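The values are calculated or read from the model by the stated rules, or taken from the named source; none is laboratory data. Since the model is a prediction, treat every value here as computed from it, not as a measurement. All Cβ positions, even for glycine, are placed from backbone atoms using ideal geometry, and neighbour counts span all protein chains on display.
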Amino acid sequence: MAGKINLYFCCIDDLSVFERRSETFYQTHLPHISIDCVVFGFHINTLKVLLIKMKGQNKWGLPGGYLSHDQDLDEAAKSILQERTGAEKVFLEQFKTFGELGRSESDLHYMPENIWFRQRFLSVGYYALVDYEQIIPVVDEISVACEWKDVNELPEMMMDHAKIYQEALNTMRFQLNYKPIGYSLLPEQFTMPELQRLYETLLNKPLSRGNFQRKMLAYDIFIKHDEGRKGGAHRTPNLYSFDQEKYNNALKKGLKEAW
């Protein structure tokens, strides 16, 4: 396999791209620290995750990057996310640091030993939630693909990215117990059934309609609108939107409830 990968690089000269970046990163970024972003995309009851395929790789991976000297971690994660998606209105959460021996080096063994990407990296994991219909994934100079993949049909992933993805999924589902994270995934005005379908898709389980609505309304983070959505065959459902001040306060202090 290593021979095939080296031949691939030799034929299309992709390794030079990594070498050029390596020279720059040694001067502008902190060594041994990387950031991996698990970008979940939701739309109409479907959950996907954004994956990339690097040049020279047969496996898929998570979009990621590095920490420059003039950035803090959250700023760097937002920058990585924006470069790949252009998204600004997102829920972004740091969830865990990954630092096992050999977590990344083995899949990059075909690169020269002194190249930036061959270092041992401690990776800080972030997860984000976006509406994938509003996002056009961006392919950069070190990748050949950047695509949305259904979470139920994931391809083989490089390094320890499958582990990072699973940890992000578990964390996101746990945090649904006490954080209102639907703001970036719903239209400005939405119905309670639409909000429930979002939660059921993220949790991958059905929820009681009556209990769900009572719990959500008890949080007191919504504005109920006088007019419902028009055009339905049955009784027009009530429309809600998030009260921005109360929503932001709930993000900081949390919600005391479990699903």
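Looking at GLN166, is it part of a helix (DSSP H, G or I) and modelled with pLDDT of 90 or more?
So GLN166 passes the test.
Do we have ILE115 as over 17 Å from the mean Cα position of the chain (by Cα), within 25 Å of TYR199 (Cα to Cα) and assigned by TED's automatic domain parsing to the domain that holds LYS163 here?
Judged against the criteria, ILE115 is not a match.
Please indicate, with yes or no, whether at least one residue in segment 79-87 is touching a Cys at 6+ places or on another chain (Cβ under 6 Å) and either within 22 Å of LYS252 (Cα to Cα) or buried (at least 19 other Cβ atoms within 10 Å of the Cβ) (or both).
Yes.
Of the residues that sit in segment 179-217 and are part of a loop (DSSP other than H, G, I, E, B), of a type outside the set (S, T, N, Q) and at pLDDT 90 or above, which one is farthest from ASN238 (Cα to Cα)?
Result: LYS205.
If you check GLY125 against the conditions, is it in contact with a strand residue (DSSP E or B) (Cβ under 7 Å, 6 or more places away or on another chain), within 24 Å of ILE181 (Cβ to Cβ) and either not assigned by TED's automatic domain parsing to the domain that holds TYR199 or not aromatic (Phe, Trp, Tyr) (or both)?
So GLY125 fits the description; yes.
When only residues in segment 189-205 that are closer than 16 Å to THR46 by Cβ and polar (S, T, N, Q) count, which is farthest from the chain's Cα centre (by Cα)?
So the residue we want is GLN196.
Quick one: is GLY56 crowded, with 19+ Cβ neighbours inside 10 Å, assigned by TED's automatic domain parsing to the domain that holds GLU133 and in a loop (DSSP other than H, G, I, E, B)?
In short, yes.
Looking at the structure I just gave you, is SER16 at pLDDT 85 or above, surrounded by fewer than 20 Cβ atoms within 10 Å (Cβ to Cβ) and over 24 Å from the mean Cα position of the chain (by Cα)?
It is false that SER16 is at pLDDT 85 or above, surrounded by fewer than 20 Cβ atoms within 10 Å (Cβ to Cβ) and over 24 Å from the mean Cα position of the chain (by Cα).
How many residues does segment 91-132 contain that are crowded, with 19+ Cβ neighbours inside 10 Å, assigned to a loop (DSSP other than H, G, I, E, B) and in contact with a helix residue (DSSP H, G or I) (Cβ under 7 Å, 6 or more places away or on another chain)?
The qualifying residues number 1.
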